[in-house]
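Step one of this worksheet: look at the structure below.
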Amino acid sequence: MFTSYERLEKRSGKKGVDRPEYLKELVHEFTTSEHLASREQVLANLVNFAYDPINYPWLRKLKVIDIFLDQLTEGTATLRDFAAAGLCNLALDQENKAYILRQGGVALLAGCLLSQHESVVLSAITTLMFLVTPESKRDITSDKVIEQILQRAESDNPRIRNLAKVFLEDYCTPEQVQCVKASQDTQHN
């Protein structure tokens, strides 16, 4: 549920929970903990905080986007899953979107498209859609990404298959898709 500063103060009182401090403690725990279960729990909490736009400035200040981006390649399957979900939660905000794009988020998310985990693939495709801007569209609809999305459009999983088809129909031109398909046919013959 989205929160306003007034609602937050009403729920926690003037001397209540200091959200920025709590988020800072979560980030510290994530970066210092050696216990995988603790790191997973903390990252799940950060993903939940990433759902509410009121937290965006604090999450940016604490470099939580960087943590999510790092976990796409460095983390366990569970950490990757949470990281992809966190980026998905943050990507519609213009400032977050610009930051994710500047930090190479498109390539990192494209690397998640062939994951064996449904939720990672769904978050990656959705986040790529959220990241489309006139400047980023070329990277997001590159031949490599389209090729991976085409594979997902043939998935046995209806959620992945349908979302992949939406991506191809809404973000790619028919010519782009045909060109990649033709290139794939040439490679297979």
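The values are calculated or read from the model by the stated rules, or taken from the named source; none is laboratory data. Since the model is a prediction, treat every value here as computed from it, not as a measurement. Please note: Cβ atoms are built from the backbone with ideal geometry, for glycine as well, and neighbour counts cover all protein chains shown.
Scanning the stretch 18-34 for residues that are polar (S, T, N, Q) and not in a loop (DSSP other than H, G, I, E, B), which turns out nearest to Arg60 (Cα to Cα)? Working first, answer last.
Our first condition is that a residue be polar (S, T, N, Q); within the stretch 18-34, this holds for 31-33.
Those left that are additionally not in a loop (DSSP other than H, G, I, E, B): 31-32.
Numbers: Thr31: 16, Thr32: 19 Å.
Filtering first and then ranking leaves Thr31.
Considering Phe68, Phe49, the condition of being touching a Gly at 6+ places or on another chain (Cβ under 8 Å), assigned by TED's automatic domain parsing to the domain that holds His28, under 22 Å from Glu25 (Cα atoms) and aromatic (Phe, Trp, Tyr) is satisfied by Phe68 alone. Given the options Val166, Val132, name the one that is in a loop (DSSP other than H, G, I, E, B) and modelled with pLDDT of 95 or more. None of the others qualify; the one that does is Val132. Limited to the stretch 139-163, what total is found for residues that are in contact with a helix residue (DSSP H, G or I) (Cβ under 9 Å, 6 or more places away or on another chain), assigned to a helix (DSSP H, G or I) and either acidic (Asp, Glu) or without any contact (Cβ under 8 Å) to a residue 40 or more places away in the chain (or both)? Looking only at that region, the number is 13.
Considering the conditions (1) farther than 18 Å from Thr126 by Cβ; (2) surrounded by 17 or more Cβ atoms within 10 Å (Cβ to Cβ); (3) at pLDDT 95 or above, Gly75 is excluded by exactly one of them, (3).
Can you tell me which residue is nearest to Arg19 (Cα to Cα) among those in the stretch 56-97 that are not basic (Lys, Arg) and not in a helix (DSSP H, G or I)? Can you show your working first?
So the first thing to find is which residues in the stretch 56-97 are not basic (Lys, Arg), and the list is 56-59, 62, 64-79, 81-96.
Imposing the further condition that a residue be not in a helix (DSSP H, G or I) reduces the set to 62, 75-76, 91-93.
Numbers: Leu62: 12, Gly75: 26, Thr76: 28, Ala91: 21, Leu92: 22, Asp93: 20 Å.
Per the stated criteria, the residue is Leu62.
Restricting attention to the stretch 32-41, the residues being loosely packed, with under 12 Cβ neighbours inside 10 Å and under 18 Å from Asp66 (Cα atoms) number 1.
Please work out which residue is farthest from Val132 (Cα to Cα), limiting yourself to the stretch 148-179 and to residues that are of a type in the set (Gly, Ala, Ser) and over 19 Å from the mean Cα position of the chain (by Cα). Of everything passing the filter in the stretch 148-179, Ser155 is farthest from Val132 (Cα to Cα). So which residues in the stretch 100-122 are assigned to a helix (DSSP H, G or I) and closer than 18 Å to Leu168 by Cβ? Result: Val106, Leu109, Ala110, Val121, Leu122.
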